[in-house]
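Have a look at the structure below before the remarks.
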Amino acid sequence: MNKVRIIGTGSYVPEKIVTNEELSCIVDTSDEWISSRTGIRERRISEGEDTSHMASKAALKAIENAGVKAEDIDLIILATATPDSFIPSTACIVQDNIKAINATCFDISAACSGFVYGIDIATQFIRTGSVKTALVIGAETLSKVLNWKDRNTCVLFGDGASAAVLKESDVEGILSIYRGSDGSKGKFLTCNAVPVKNPYIDSKETMGDIDNAITMDGKEIFKFGVKIIVQGVEELLKDTTYSLKDIKYIVPHQANFRIIESAAKRLGVSEEKFYLNLDKFGNTSAASVGIALDDMVQKNLLQSGDKILLIGFGGGLTYGGLIVEW
Ligand code: COA
């Protein structure tokens with residue numbers, strides 16, 4: 001089996017900052033409620049940029065930071081729940097934007113676990129020798145699938161994109177992998193696509209009244225998030241000779257500070273062990289773990305040889321984690 005390493009990261013968020021105060025002008029909420037329940041203070045909202053646009057910007061930064069050329073990329077995996085279109089895939093649009101002419105490209109749908117799933121899949125391709133260099137992107141324009149009248153959901157999410165370049169290496173950088181799905185709980189976090197309507201069912205049906213906004217059972221998702229972080233950390237460590245002391249940072253899906261608080265308590269570690277930037281970006285779904293990771297790289301928090309643990313969970317329901325040696 002070939003060894004794999006993450007050799008570069010990048011991220012991009014839209015310029016427009018929407019604070020909790022600003023949200024309270026359009027929906028019945030308050031900065032006090034949002035920040036005390038979630039830790040979120042502001043989020044970035046697209047002013048017209050679609051998912052492929054943000055994804056391409058994040059990808060170009062990751063490619064530059066990795067020191068490779070776009071032509072070197074053999075594979076583009078783009079995780080999103082908010083693609084530009086059903087066809088073509090957003091990965092193919094990004095390929096054209098960044099001129100990664102030698103890549104095979106496809107999207108994956110794993111909601112907030114998307115970035116971790118993407119790294120997992122790219123790792124398998126590189127380990128088998130099928131590709132040498134892969135670009136993984138998590139990108140979302142969640143603002144286009146939010147019901148801006150629903151205070152239960154619209155205050156939680158933000159737009160943005162993140163990317164990582166993975167390459168075959170002499171040193172192993174992916175030390176442990178954890179993954180799974182539980183479709184029986186899919187109803188707790190949903191966003192409809194297009195309903196089955198065609199002339200053979202009902203020729204009078206129109207496409208004008210589609211309800212495709214995010215819906216969520218917050219309490220169920222909260223419990224699931226805490227359970228997955230605790231279980232994921234334990235399972236990931238089990239496959240290694242390391243303990244939590246050896247892990248410099250846990251980089252979780254940036255959903256909610258209180259989920260992290262509960263998980264940290266159950267794991268018996270300080271919340272400081274978790275890297276969080278959800279106060280600035282909210283929950284950016286598939287982009288969130290990668291945005292946090294790139295933030296850490298930009299702040300110079302990671303040195304060669306550091307071990308970090310990435311953990312994602314979300315709609316599907318899906319979950320996945322990795323222990324990465326930097
Ligand atoms: N502003 C003000 N009030 C709000 C509100 C908002 N933005 N959103 C909901 N409320 C109200 C509800 O209408 C409800 O009012 P009611 O009791 O009069 O019906 C009340 O607040 C619910 O409060 P509470 O029970 O304290 O909510 P909570 O502690 O369960 O917190 C979440 C709600 C959404 C913050 C919490 O469940 C959560 O974080 N869940 C996980 C969500 C998540 O991370 N999703 C994505 C994962 S990938």
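The values are calculated or read from the model by the stated rules, or taken from the named source; none is laboratory data. Just so we're clear, the structure is a prediction, and the values are computed from it rather than from any experiment. In this analysis, Cβ positions are derived from the backbone assuming ideal geometry, glycine residues included, and neighbour counts consider all displayed protein chains. All accessible areas refer to the heavy atoms of the entire protein, side chains included, with ligands and DNA or RNA removed. Shrake-Rupley method; radii C 1.70, N 1.55, O 1.52, S 1.80 Å.
By the Kirkwood approach, averaging reciprocal distances over each pair of separate Cα atoms, segment 1-127 gets a hydrodynamic radius of 16.5 Å.
Evaluated with a Cβ-only charge set (Lys, Arg +1; Asp, Glu -1), segment 80-157 carries a dipole of roughly 100 debye about its Cα centre, given to the nearest 20.
For segment 8-31 and segment 118-170, write down the distance between their C-alpha centroids in whole Å. If you average the Cα positions of each part, the centres end up 20 Å apart.
For the chain, the Kirkwood estimate of the hydrodynamic radius, built from every pair of different alpha carbons, is 19.8 Å. Straight-distance candidates among the lysines for linking to Lys245, with alpha-carbon spacing under 20 Å and chain neighbours fewer than 8 residues away dropped: Lys265, Lys273, Lys307. Counting 0.36 nm for each residue step from Ala193 to Glu71 and taking away their Cα separation leaves a gain of 40.5 nm.
Taking only the C-alpha atoms of segment 176-325, the Rg (one decimal) and the largest Cα-Cα distance, Dmax (whole number), read 18.5, 63 Å. Okay, helix-only estimate at 222 nm for the chain: each DSSP H run of n ≥ 4 adds -39500 (n - 2.57), divide by all residues, round to 500 deg cm²/dmol; what do you get? Result for the chain, helices only: -9000 deg cm²/dmol. Annotated for segment 90-201: lysine pairs at least 8 residues apart or interchain, Cα distance under 23 Å, count 7. Between Thr215 and Glu172, the FRET efficiency from the beta-carbon distance, with R0 = 45 Å, is close to 0.65.
What is the antiparallel percent of DSSP beta bridges lying wholly in segment 176-325, to the nearest 5?
Numbers: 17 of 22 bridges.
Percent antiparallel among DSSP bridges in segment 176-325 is about 75.
Surface composition of the chain: carbon plus sulfur atoms contribute 49% of the solvent-accessible area (1.4 Å probe, protein chains only, all chains present). The share of Cα pairs per 5 Å bin across segment 270-323, counted from zero up to the longest distance, runs 4, 15, 27, 28, 17, 6, 2 percent.
Ranked by the mean number of other Cβ atoms within 10 Å of their residues, highest first, the peptides 158-170, 34-46 come out as 158-170, 34-46.
Once the 1.4 Å probe is applied to the protein heavy atoms, the chain comes out at 44 Å² accessible per residue. Highest mean packing first, where packing is the average number of other Cβ atoms within 10 Å per residue, the peptides 277-288, 8-19 line up as 277-288, 8-19.
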